[in-house]
Amino acid sequence: MGKEGRRFLPNLKKLGSPRLNLDEEIFFFVKQEHYYFQTQYEPFATPNLGDLKVSIGDKYKDENVKVEHKSIQKFYNKVKDGEVEGRIMRSVWKIAVSNQDCFHKAPYPEQLIVPILNAVCPPNGIVLDPFMGTGTTAIVALKQDKHFIGIDLDNRAIEYAQNRINSYLEQTTIFSHI
């Protein structure tokens, strides 16, 4: 195998990084012409109009483009008044790794699942997780008042997920009576 076929990991000591950043890819596929999808938004950074800079990018660098300060002010007023929810979520999310102490090799944090379920599952909908693992998707679905179906081949995973789900349900039952 030539060098071009190998994948090398960076020398972390050389880079001074305490851990390696790993990326996971998430894809949305649909088979039907009509489907549920709720656009997800994230908050804007607090605008400081005194230091406002607008980048038009390399594509338009030779164009005679003029950005009116009034139009930007009008847009930020809409943000301030709540007429605009925020900017559409970007395609790269920075989410801390899960701190679950369990047998599973790759438990993921709830923050990763929240925007995904919000986007693709309507209220009171059904979430299918064919690789349930530690049950994180099921917990998020329950927190969002959605139903779930979880599947896993590993009996340890099923037992672990059931315990997590039961603990969550017991907590919500206790607090719902207060």
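The values are calculated or read from the model by the stated rules, or taken from the named source; none is laboratory data. As the structure is a prediction and not an experimental result, all values here were calculated from the model. In this analysis, Cβ positions are derived from the backbone assuming ideal geometry, glycine residues included, and neighbour counts consider all displayed protein chains.
Results, tabulated for the structure shown:
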item	result
Subset of the range 89-108 (residues that are at pLDDT 80 or above and either more than 18 Å from L142 (Cα to Cα) or surrounded by fewer than 15 Cβ atoms within 10 Å (Cβ to Cβ) (or both))	M89
Considering residues of the range 72-88 that are aliphatic (A, V, I, L, M) and either modelled with pLDDT of 75 or more or in contact with a strand residue (DSSP E or B) (Cβ under 8 Å, 6 or more places away or on another chain) (or both) only, the residue surrounded by the most Cβ atoms within 10 Å (Cβ to Cβ)	V84
Top-ranked residue in the range 36-71 [being surrounded by 10 or more Cβ atoms within 10 Å (Cβ to Cβ) and closer than 27 Å to L117 by Cα; ranked as modelled with the lowest pLDDT]	F44
Options L117, L128: the member that is surrounded by fewer than 16 Cβ atoms within 10 Å (Cβ to Cβ) and either of a type in the set (S, T, Y) or at pLDDT 90 or above (or both)	L128
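Conditions (1) within 19 Å of Y41 (Cα to Cα); (2) in contact with a Cys (Cβ under 8 Å, 6 or more places away or on another chain), marked per residue:
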site	(1), (2)
E85	yes, no
M89	yes, no
H104	no, no
V120	yes, no
T134	no, yes
K146	no, yes
G150	no, no
